[in-house]
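The values are calculated or read from the model by the stated rules, or taken from the named source; none is laboratory data. Computed from a predicted structure; not experimentally measured. Positions of Cβ are generated from backbone atoms using ideal geometry, with glycine treated the same way; all protein chains shown enter the neighbour counts. When the accessible area is computed, the model is the full protein with side chains, heavy atoms only, and any ligands, DNA or RNA have been set aside. Shrake-Rupley method; radii C 1.70, N 1.55, O 1.52, S 1.80 Å.
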Amino acid sequence: MSEVFDDSTLTEIAHLICGDEPPLLYRKGYEIAAFFQRAGWDDAPEYDGTPRHKWARELLKERQEDGTDDAERAILRLANRLEYYNQQQEYHATLKRLNEILVLEGRRIGDDGGQPVLVRCEAAFDDEVRQLPRVELKVSVTEVVRDPELAATVQLRLDEARTCYEHGAYTSAVIMLGSLLEGVLAHAAEIRPAGVRMPKPLRKMGLNDFVDFAYENKWIEHDAKLASELVRHYRNLVHPLAEKRTGHSPNRDTLDMCWPVVNATLNDLAATATATATGPTVPSSPRAPSDRGRGRNPIARSRRPTPATVARRRPGGGTVPGT
């Protein structure tokens, strides 16, 4: 049975294939096509001139939707030493980032007789991710949410999540955090002027859409975007069947990793709030999301964070998360 990966995972895998940021291995368009061939794809297409990241991402999604294991083949090729002749630094950088992405889906790269293989692991419990330092919430809810009534509701959910945490109701706490995160991002999308248009009408957007939209408009940083996938994964356990399929129930460690993501996102939203956001913006007509590899600050891209660095830039303290 073919492995199935979340769209956000395939987006990050496409970034690794393109290798736009040092010390990753940079590949030109025709080199990406050759990479897919080396990965064992049947009928690998020639590069058509589309922006490289968009082209690679769409190919990965199309092949997965077709029921092939080509996405898995591409991932394993990224982890194959043969892809990095005399490029040891690029190999180790790619493997590190690859595992940081895969661990969010409960997978990692293993070794079978010198060949890379995908193995199951507990979702987001990689040793490096487990050791995330706590992120201090440095702002008040009212600095993030301008509507007083909505701000009171968000603060109440934050307080209830803390109460759940202190009494061991970890599933309820993480669901509350996911709801809170979606609410503040939806509020930002509604009132802030956006340089990037919404991919769909506001009422049809979900947490993943809001996270991507906030990142595209530079309201949150890349570490918060990538790590928010962890919160979204556990928030979906509001459906008992999802928890059954996952085979894992949230525990204290889960909250110790999810809470810093929420704090980091709130800190970012407060830091990027502008006085020009005077009222709701009218979303432009939906269109396909733009190629995320274009138009970024090259300095910021050169030190693009990962889930393992989500909290390093905001050391915090306290014995209770979110305080």
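For region 37-56, the criterion of a residue being of a type in the set (Asp, Glu), outside any loop (DSSP other than H, G, I, E, B) and closer than 28 Å to residue 119 by Cβ is satisfied by no position.
Within region 174-184, at least one residue is open to solvent by less than 40 Å² (accessible area, probe 1.4 Å), modelled with pLDDT of 90 or more and under 15 Å from residue 259 (Cβ atoms).
Of all residues in region 149-168, those satisfying the criterion of being open to solvent by less than 40 Å² (accessible area, probe 1.4 Å) and either in contact with a His (Cβ under 9 Å, 6 or more places away or on another chain) or among the hydrophobic types (A, V, I, L, M, F, W, C) (or both) are 151, 154, 158, 161, 164.
Condition test on residue 24, is it among the hydrophobic types (A, V, I, L, M, F, W, C), outside any loop (DSSP other than H, G, I, E, B), at pLDDT below 95 and within 20 Å of the chain's Cα centre (by Cα)? It is false that residue 24 is among the hydrophobic types (A, V, I, L, M, F, W, C), outside any loop (DSSP other than H, G, I, E, B), at pLDDT below 95 and within 20 Å of the chain's Cα centre (by Cα). For region 217-233, the criterion of a residue being closer than 19 Å to residue 101 by Cβ, modelled with pLDDT of 85 or more, among the hydroxyl-bearing types (Ser, Thr, Tyr) and assigned to a helix (DSSP H, G or I) is satisfied by no position.
Taking region 96-114, which residues are open to solvent by less than 40 Å² (accessible area, probe 1.4 Å) and farther than 16 Å from residue 3 by Cα? Correct list: 97, 100.
Applying the criterion of being surrounded by 20 or more Cβ atoms within 10 Å (Cβ to Cβ) and of a type in the set (Gly, Ala, Ser) to the residues of region 195-235, the residue that is nearest to residue 177 (Cα to Cα) is 228. Listed conditions (1) at negative phi; (2) touching a helix residue (DSSP H, G or I) at 6+ places or on another chain (Cβ under 8 Å); (3) modelled with pLDDT under 90 are all met by residue 124, apart from (1).
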